[in-house]
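The values are calculated or read from the model by the stated rules, or taken from the named source; none is laboratory data. What you see is a predicted model; the values in this text were computed from it and never measured. In this analysis, Cβ positions are derived from the backbone assuming ideal geometry, glycine residues included, and neighbour counts consider all displayed protein chains.
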Amino acid sequence: MNPIENHDMEVDVLVIGAGGCGLSAAIAAHDDGAYVAIVEKRDQAGGNTSLSTGSIPGAGSRFQKAANIVDSPEILIADLERIAGKHQLSDVSDKLSRISAELCEWLVDRVPARMSLITDYCHVGHTVPRLHAPASRRGKDLMDDLLAGVERRGIPLAVGNPVKSLITSEQGAVIGAVIGGKGVESTRIKAGKVILACNGFAANRDLVKEFCPEIAGAEYFGALGSQGEAVQWGRELGAGLANMGAYQGYAAVAYPHGSILSWTTLEKGGILINSKGERFGNEDIGYSGYARMVLSQQTEVFAIFDDRIKAIADKEDEFRELANLGGIKSASTIEELASLFKIPADSLSQTMLAYNQAAQGKSSDGFGRSKFALAPLQPNYWICRVTPGLFHTQGGLAIDTSARVLKTDGTPIPNLFAGGGAAGGISGQTGAMGYASGNGLLTAIGLGYLSGKVATQELKVSATLKGPES
């Protein structure tokens, strides 16, 4: 990385990556007065945000207050700590919790994004309803709104333009990046601040094996391009890494369709069984933590729920599409249900009987499940064949509470910020048990929002802010 000499373009803030984190960072920086540009290596924007449910926790938002839901940042902090424990970025987790309501209101008011509070139920890891999401529960709708916000503001966005390297000064400050697409001469962009908003490393098999070996055998279902460039660039600059063993899995990807089976089907009282017709754990631990347990079965796995649960899941577009494609099948009896996938009927009947008795309080659950929602299950039944998946890694560059990238000695690398998959996450130090619903987008959108505002403020303080290009 050589100091910049001649440059082809100069901006206040250069954002690398056009997922939810990058677009949020760009909008926040622009609205605070910076001249911003975004580069994206893929041919279209989106990243893992597009593949998510678009859900973001906002503790104490005005939308909760309107719904008479009592919540606060302190309650969210306690919820996240309970599920993830203390970890290398606990201070970042606390910061994001404290701005979560502000973040959701900013998305609705300023971007603007079409989001509302989900009040149907509490999601994994949360003690009160606090997730805000598009009505469709599709991250693509959130991305569409962010993209519209970027276009409305005239922020340059160049897709198909991968970053080849970061540019540093002789003093070690990041001062730009070298951009170069296929068959295109490299472009040198000078920047007052650089925000790494690219994805994690879940598509890089070597890095997954190195840092997340327990899930290395699962199929990757996240966004293409998650090759871990930020980790590589950070290592070259002497950056520290944080929570590298943590990841978000998903225990119930519909097979062979490849779309997620809504975890609502399990949260509301459904179960997961193996090809022997047996349950193998407590589904209440959540879709992320349960993924490795599904992987360990080394057999086909199936989700079972009933008509009442299906009626709730039907509110989600992706679930309805899966049903329309024949990804879930129905049966009026347990015997018919078993015959759909040649599951031993006697074994399945025993499993269902034991589970339903536990749900009725007649016995304790053999796997420790205590929340049964609408169970016991009753006809009409539904079944979906599922497979475990790795959705994204939760480790990355070490950052402070303003999203500044930190060296291994804890001091900031001048002018460099990170969020989303590029930065360490808030889901614990290792494994998938620390993932609470919305953690991925809270770090993506939240750190994008923070980094855009802090980067612009630092430029103002140093009197180097150029402002929007005339």
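Go through region 240-268 and give me each residue that's of a type in the set (G, A, S) and surrounded by fewer than 24 Cβ atoms within 10 Å (Cβ to Cβ).
G240, A242, G245, A254, G258, S259
Being over 17 Å from L390 (Cβ atoms) and either of a type in the set (K, R) or touching a Leu at 6+ places or on another chain (Cβ under 9 Å) (or both) is the filter here; which residues of region 192-208 pass it?
Matches in region 192-208: G192, K193, V194, I195, L196, A197.
When the residues of region 284-316 are narrowed to those that are surrounded by 18 or more Cβ atoms within 10 Å (Cβ to Cβ), assigned to a helix (DSSP H, G or I) and among the charged types (D, E, K, R), which ends up modelled with the lowest pLDDT? Give the derivation first.
Of all residues in region 284-316, those surrounded by 18 or more Cβ atoms within 10 Å (Cβ to Cβ) come to 284-295, 301-306, 309-310, 312-313, 316.
Next cut, assigned to a helix (DSSP H, G or I) only: 284-285, 291-295, 309-310, 312-313.
Adding the requirement that they be among the charged types (D, E, K, R) leaves 284, 292, 310.
On the way: D284: 91, R292: 94, K310: 97.
Restricting to residues being surrounded by 18 or more Cβ atoms within 10 Å (Cβ to Cβ), assigned to a helix (DSSP H, G or I) and among the charged types (D, E, K, R), the top hit is D284.
Which residue pairs have Cβ atoms under 9 Å apart, sit 6 or more places apart or on different chains, and have a first residue in region 141-165 that is touching a residue at least 40 places away in the same chain (Cβ under 8 Å) and surrounded by fewer than 17 Cβ atoms within 10 Å (Cβ to Cβ) and a second that is small (G, A, S) and part of a helix (DSSP H, G or I)?
That search, which allows pairs on different chains as well, returns R153/A26.
Kindly establish whether K276 is charged (D, E, K, R), surrounded by fewer than 23 Cβ atoms within 10 Å (Cβ to Cβ) and out of contact with any Asp or Glu (no Cβ under 6 Å at 6 or more places or on another chain).
For K276, the condition - charged (D, E, K, R), surrounded by fewer than 23 Cβ atoms within 10 Å (Cβ to Cβ) and out of contact with any Asp or Glu (no Cβ under 6 Å at 6 or more places or on another chain) - is met.
How many residues does region 223-234 contain that are in a helix (DSSP H, G or I), in contact (Cβ under 8 Å) with a residue 60 or more places away in the chain and exposed (fewer than 15 other Cβ atoms within 10 Å of the Cβ)?
Here the count works out to 0.
Looking for whichever is assigned by TED's automatic domain parsing to the domain that holds A84, farther than 17 Å from A26 by Cα and modelled with pLDDT under 95 here; the options are S437, S470. Which one fits?
Residue meeting the stated conditions: S437.
Give region 208-222 a look and list any residue that's surrounded by 21 or more Cβ atoms within 10 Å (Cβ to Cβ) and over 14 Å from G431 (Cα atoms), or say none.
G222
Considering only region 72-86, I want to know if a residue exists there that is surrounded by fewer than 24 Cβ atoms within 10 Å (Cβ to Cβ), at pLDDT 95 or above and in contact with a Pro (Cβ under 8 Å, 6 or more places away or on another chain).
no
Would you mind telling me which numbered condition in (1) without any contact (Cβ under 8 Å) to a residue 40 or more places away in the chain; (2) under 30 Å from V405 (Cα atoms) G240 fails?
(1)
Taking into account only those residues within region 105-125 that are over 11 Å from S61 (Cβ atoms) and among the small types (G, A, S), which is modelled with the lowest pLDDT?
G125
Tally the residues that are more than 17 Å from the chain's Cα centre (by Cα), modelled with pLDDT of 95 or more and in a loop (DSSP other than H, G, I, E, B), restricting the search to region 205-222.
0
Name the strands (runs of 3 or more DSSP E) wholly inside region 99-198 in which the number of residues that are more than 22 Å from the chain's Cα centre (by Cα) is 2 or more.
Filter on region 99-198 gives 163-168, 174-179, 187-196.
Is it the case that region 402-424 has a residue that's acidic (D, E) and assigned by TED's automatic domain parsing to the domain that holds D31?
Among the residues of region 402-424, at least one is acidic (D, E) and assigned by TED's automatic domain parsing to the domain that holds D31, which makes the answer yes.
Let me confirm something: among G368, G389, G327, which residue is under 30 Å from N204 (Cα atoms) and part of a loop (DSSP other than H, G, I, E, B)?
After applying the criteria, what remains is G327.
Look through region 181-191, keep the residues that are more than 22 Å from A398 (Cβ to Cβ) and not basic (K, R), and return whichever of them is surrounded by the fewest Cβ atoms within 10 Å (Cβ to Cβ). First the steps, then the outcome.
Taking region 181-191 and keeping what is more than 22 Å from A398 (Cβ to Cβ), we get 181-190.
Now narrow it down to the ones that are not basic (K, R): 181, 183-187, 189.
Numbers: G181: 17, G183: 5, V184: 10, E185: 7, S186: 11, T187: 17, I189: 24.
Among those that are more than 22 Å from A398 (Cβ to Cβ) and not basic (K, R), it is G183.
What residue, of G47, G60, is modelled with pLDDT under 95 and on the phi > 0 side of the Ramachandran plot?
When all the criteria are applied, what remains is G47.
Considering Q394, Q357, Q378, which residue is touching a Ser or Thr at 6+ places or on another chain (Cβ under 6 Å), of a type outside the set (D, E) and farther than 29 Å from K95 by Cα?
Q357
For the structure I just gave you, tell me whether A34 is under 17 Å from G440 (Cα atoms) and either in a loop (DSSP other than H, G, I, E, B) or not assigned by TED's automatic domain parsing to the domain that holds A422 (or both).
In short, no.
Look through region 255-283, keep the residues that are of a type in the set (S, T, Y) and in a loop (DSSP other than H, G, I, E, B), and return whichever of them is farthest from G438 (Cα to Cα).
S275
Taking only pairs six or more apart or across chains, which ones have beta-carbon atoms under 6 Å, a first residue in region 342-358 that is modelled with pLDDT of 95 or more, and a second residue that is charged (D, E, K, R)?
Every condition considered, the pairs that remain are A345/E335; S347/K276; T351/E278; T351/R279; A358/D365.
Only one of (1) part of a loop (DSSP other than H, G, I, E, B); (2) out of contact with any Gly (no Cβ under 6 Å at 6 or more places or on another chain); (3) not polar (S, T, N, Q) fails for I77. Which number is that?
Looking at each condition in turn, I77 falls short on (1).
Can you name the residue in region 93-130 that is under 30 Å from R308 (Cα atoms) and among the charged types (D, E, K, R) and, of all such residues, is surrounded by the fewest Cβ atoms within 10 Å (Cβ to Cβ)?
D120
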